[in-house]
Amino acid sequence: MKETKNSTWNQKLYSNSILKNTINGIFRSARENKTSHSDILKSIKERVYTTAKYTTLPKYMQSAINGYIEANCQIMYEHVYFAHWYDGKFVGKDLPYGSSFKQELIEKSAYVYKGTEIAY
């Protein structure tokens with residue numbers, strides 16, 4: 001496959017558009033398949049940051065792409081919430097506070113996709 005040089009304005013604008021579509025695809029797929037945050041970042045690194053379409057863009061266009069990625073990361077928080085596993089069970093947001101509550105029984109706390117126990 002021919003490497004992109006981004007030497008013309010049309011090519012730069014085309015690369016910018018392709019990269020944004022790739023980013024949208026990564027995040028859309030992540031929401032549908034309940035992909036973990038680390039896997040999303042891995043996909044972005046492989047499909048955006050290491051391509052000539054990105055590396056040969058001017059710095060201000062790279063910065064705009066980075067901002068686009070950050071915005072999509074923030075949008076993901078509409079699809080997740082912070083939840084807990086307590087005493088071997090998923091309890092979601094509702095930790096059983098009270099006189100019998102024991103902090104050491106909280107096994108894990110993480111963002112999970114809404115309606116699931118799948119960690120983001």
Of the candidates PHE101, PHE90, PHE27, which one comes out as most mobile in a Gaussian network treatment of the chain with C-alpha springs shorter than 10 Å?
PHE101
Among ASN16, ASN72, ASN33, residue whose mean-square fluctuation peaks in a GNM of the chain (springs only between Cα atoms under 10 Å)
ASN33
Over 28 Å between C-alpha atoms is what I'm after, so list which of LYS42/LYS89; LYS34/LYS93; LYS45/LYS93; LYS59/LYS114; LYS53/LYS108 land there.
LYS42/LYS89; LYS45/LYS93; LYS59/LYS114; LYS53/LYS108
Anyone know which of SER36, SER99, SER17 comes out most mobile in the 10 Å Cα GNM of the chain?
SER99
To the nearest 20 debye, what charge dipole does the chain have about its Cα centre, counting +1 at the Cβ of each Lys and Arg and -1 at the Cβ of each Asp and Glu?
640 debye
Given region 9-76, what whole percent of its Cα pairs are spread farther than 14 Å?
56 percent
Taking the chain, the equivalent ellipsoid from its C-alpha gyration tensor has semi-axes in Å, biggest first, of 41, 12, 11
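Each value in this text was obtained by applying a stated rule to the coordinates, not by laboratory testing. Predicted model only: the values in this text are computed from it and were never measured. In this analysis, Cβ positions are derived from the backbone assuming ideal geometry, glycine residues included, and neighbour counts consider all displayed protein chains.
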